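Here the structure comes first, spelled out in structure tokens, and everything after it is commentary.
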Amino acid sequence: MPPRSGPNPILYSPITRMIIGLAICLGIGLLGLQATQFVLARTPAPQSLKDPIAGTVFAFLVVILYVSLYQWYENRRVQELSASGAPGRILGGVLLGAALASLTMLVQYCAHAYSITATRPIGPVLPILWNTFVNATIAEILIIGIIFRILEDWIGTYLSLAILVVIFFILHVTGAGATPLSALGVTMHAALLLAPVYIYTRSLWAPIAIHFAWDFSFAGIYGTAIKGYTMDHSIFQSQSIGSSLLTGGYFGPQGSIGAALLCLISGIIFLQLSSRRGNIKPPSTRDWQ
């Protein structure tokens with residue numbers, strides 16, 4: 001890392017590193033997305049192909065910008081996006097995310113809050129599969145890779161987790177159709193599952209894969225809502241009935257009590273494993289000087 005007590009310590013402060021990282025990765029990434037959409041709009045390609053291409057360009061730019069920026073800015077190798085070990089972490093993350101989502105749906109099914117009304121062919125789901133992975137990649141690089149990682153280096157693991165919980169809860173409880181319980185359910189997954197997985201693995205590939213499998217399982221396989229949005233081509237056409245405590249209401253199953261408890265328990269387990277591995281970080285005294 002560059003010295004923080006040099007001629008311009010503000011440039012290397014945690015807040016500045018977060019702001020610059022978000023501005024560059026998100027700003028240039030969005031410009032790339034818009035440029036790609038502009039070009040694709042003038043081609044005869046179907047929209048089902050244009051969206052994955054544009055999303056892929058966006059995600060590719062975010063990955064390249066993140067690695068390039070922080071390799072130079074922080075004077076280090078960006079190990080959290082290293083290709084070494086990535087396939088295993090992605091596979092493990094996909095299996096865990098799909099398993100947690102499936103357990104959530106099993107709870108709802110056993111409680112008669114979920115039923116399958118029809119099945120659909122798998123072909124139309126495939127573009128959604130890639131789009132979901134692209135979205136998960138962008139989200140976790142920005143949230144875990146930039147915000148949480150830099151916060152953790154600055155104020156320590158536990159306080160960073162607390163701040164992440166507050167941020168996610170406020171963002172979701174103020175959204176349309178939200179309730180405190182549904183916002184809490186989403187927060188358990190976004191803050192208290194994905195961040196502990198990163199702490200344990202010190203890799204962004206695992207939380208990216210969990211995020212992808214979690215969202216795709218609910219919307220692409222089980223045909224339920226994700227934050228009020230439903231996919232037209234899920235494998236199962238389904239119906240959610242009963243109390244929003246079980247179904248998650250507007251937010252879908254990820255806002256349910258079952259999802260919240262599963263994610264909380266999983267997150268606690270990963271934090272315990274991280275502690276045994278020595279991955280819990282104390283607050284930094286250097287950044288406060």
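Could you list all residues from the range 102-130 that are at pLDDT 85 or above and over 16 Å from Gly223 (Cβ atoms)?
Residues satisfying the conditions are Leu103, Val107, Cys110, Ala111, His112, Trp130.
Here's the yes/no breakdown for (1) crowded, with 19+ Cβ neighbours inside 10 Å; (2) modelled with pLDDT under 95; (3) over 20 Å from Ile210 (Cβ atoms); (4) small (Gly, Ala, Ser):
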{"position": "Leu30", "(1), (2), (3), (4)": "no, no, yes, no"}
{"position": "Ala35", "(1), (2), (3), (4)": "no, no, yes, yes"}
{"position": "Lys50", "(1), (2), (3), (4)": "no, yes, yes, no"}
{"position": "Phe60", "(1), (2), (3), (4)": "no, no, yes, no"}
{"position": "Ser68", "(1), (2), (3), (4)": "no, no, yes, yes"}
{"position": "Arg89", "(1), (2), (3), (4)": "yes, no, no, no"}
{"position": "Gly92", "(1), (2), (3), (4)": "no, no, no, yes"}
{"position": "Leu100", "(1), (2), (3), (4)": "yes, no, no, no"}
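Is it fair to say Ile163 is in a helix (DSSP H, G or I) and either surrounded by fewer than 23 Cβ atoms within 10 Å (Cβ to Cβ) or out of contact with any helix residue (DSSP H, G or I) (no Cβ under 6 Å at 6 or more places or on another chain) (or both)?
yes
So Gly21 fits all but one of (1) of a type in the set (Gly, Ala, Ser); (2) modelled with pLDDT under 95; (3) closer than 19 Å to Arg149 by Cα; what number is the exception?
(2)
Conditions: (1) part of a helix (DSSP H, G or I); (2) of a type in the set (A, V, I, L, M); (3) within 19 Å of Ala206 (Cβ to Cβ). Ala83 meets all but one. Number of the miss?
(1)
Name every residue in the range 222-246 that is more than 16 Å from Thr187 (Cα to Cα), among the β-branched types (Val, Ile, Thr) and surrounded by 21 or more Cβ atoms within 10 Å (Cβ to Cβ), in order of residue number.
Thr224 - this is the single residue of the range 222-246 that is more than 16 Å from Thr187 (Cα to Cα), among the β-branched types (Val, Ile, Thr) and surrounded by 21 or more Cβ atoms within 10 Å (Cβ to Cβ).
Do we have any residue at all in the range 180-195 that's part of a helix (DSSP H, G or I) and either modelled with pLDDT of 95 or more or in contact with a Pro (Cβ under 6 Å, 6 or more places away or on another chain) (or both)?
Yes, there is a match, as at least one residue in the range 180-195 is part of a helix (DSSP H, G or I) and either modelled with pLDDT of 95 or more or in contact with a Pro (Cβ under 6 Å, 6 or more places away or on another chain) (or both).
Which ones in the range 171-183 are under 23 Å from Gly258 (Cβ atoms) and more than 16 Å from the chain's Cα centre (by Cα)?
Result: Val173, Gly175, Ala176, Gly177, Ala178, Thr179, Pro180, Leu181, Ser182.
Return only the number of the condition from (1) buried (at least 24 other Cβ atoms within 10 Å of the Cβ); (2) of a type in the set (Gly, Ala, Ser); (3) out of contact with any helix residue (DSSP H, G or I) (no Cβ under 6 Å at 6 or more places or on another chain) that Gly255 does not satisfy.
Checking Gly255 against (1) buried (at least 24 other Cβ atoms within 10 Å of the Cβ); (2) of a type in the set (Gly, Ala, Ser); (3) out of contact with any helix residue (DSSP H, G or I) (no Cβ under 6 Å at 6 or more places or on another chain), the one that fails is (3).
The values are calculated or read from the model by the stated rules, or taken from the named source; none is laboratory data. If you're wondering where the values come from, they're calculated on a predicted model, not measured in any experiment. All Cβ positions, glycine included, derive from the backbone under ideal geometry; neighbour counts span all protein chains shown.
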